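The values are calculated or read from the model by the stated rules, or taken from the named source; none is laboratory data. Quantities reported herein were computed from a predicted structural model and do not represent experimental measurements. Virtual Cβ from ideal backbone geometry, glycine too; neighbours counted across all protein chains shown.
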Amino acid sequence: MIYIKSKENFNMFLYLLAALLQTTQIQLGEENILVEIADTKETRNQGLMGRTALPEGHGMLFVFDSPEPLSFWMKNTLIPLSIGFFNERGQLINVEEMVPPNPTTPDKDLPTYQSKAPAKYALEMPSQWFHNHHITPNTHIIGLNK
């Protein structure tokens, strides 16, 4: 168990945790993105919880073993995000805009954000990123096999 005394120490812990995640460069449309890879149950469960910022051009790529209906929520997530769901070929299925909940909202009342078809990948980016970069359904991720 880790005991963290202050908000500053907690932020440092999150920074160090992020530094331990594998990163890679992918391309979506004309955009190059540096992504942190969340490909284990632990890293997928942690996601971007507790982060206070996500730089433009950076994101988190969630990788699952096989395509399945995916559902995400914003528990302990402080920043608004866009999430894109992708099939096993890396083709965009749908995008959802995710809003941080009120911290007093019980877990059972948190909204979920779901893929419209079985997905193998989910990409979280800063809010409105897909819209602002004209990334639409059927766009493919390049570089998934790195």
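Here is how the numbers come out for the structure above:
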{"quantity": "Of all residues making up the stretch 125-146, the number that are surrounded by fewer than 16 Cβ atoms within 10 Å (Cβ to Cβ) and not in a loop (DSSP other than H, G, I, E, B)", "calculated": "4"}
{"quantity": "Failed item, numbered, when GLN27 is tested on (1) outside any loop (DSSP other than H, G, I, E, B); (2) surrounded by 17 or more Cβ atoms within 10 Å (Cβ to Cβ)", "calculated": "(2)"}
{"quantity": "Residue that is farthest from LEU92 (Cα to Cα) [pool: residues in the stretch 40-56 that are surrounded by 15 or more Cβ atoms within 10 Å (Cβ to Cβ) and of a type outside the set (Lys, Arg)]", "calculated": "GLY50"}
{"quantity": "Enumeration of residues in the stretch 90-109 that are more than 17 Å from the chain's Cα centre (by Cα) and closer than 22 Å to LYS41 by Cα", "calculated": "ASP107, LYS108"}
{"quantity": "Which listed residue is farther than 20 Å from ASP39 by Cα and among the small types (Gly, Ala, Ser), from SER115, SER127", "calculated": "SER127"}
{"quantity": "The stretch 61-98, residues that are closer than 20 Å to ASP39 by Cβ and of a type in the set (Asp, Glu)", "calculated": "ASP65, GLU68, GLU88"}
{"quantity": "Condition broken by THR112, with the remaining ones in (1) surrounded by 14 or more Cβ atoms within 10 Å (Cβ to Cβ); (2) touching a Phe, Trp or Tyr at 6+ places or on another chain (Cβ under 8 Å) satisfied", "calculated": "(1)"}
{"quantity": "Filtered residue count, the stretch 57-108, keeping only those that are part of a strand (DSSP E or B) and more than 23 Å from LEU21 (Cα to Cα)", "calculated": "8"}
{"quantity": "Residue within the stretch 61-78 that is of a type in the set (Gly, Ala, Ser) and surrounded by fewer than 13 Cβ atoms within 10 Å (Cβ to Cβ) present", "calculated": "yes"}
{"quantity": "From LYS108, LYS116, residue being at pLDDT 95 or above and either touching a strand residue (DSSP E or B) at 6+ places or on another chain (Cβ under 9 Å) or not hydrophobic (A, V, I, L, M, F, W, C) (or both)", "calculated": "LYS116"}
{"quantity": "Top-ranked residue of the stretch 79-89 - restricted to ones that are buried (at least 18 other Cβ atoms within 10 Å of the Cβ) and closer than 21 Å to ILE142 by Cα, ranked as farthest from the chain's Cα centre (by Cα)", "calculated": "PHE86"}
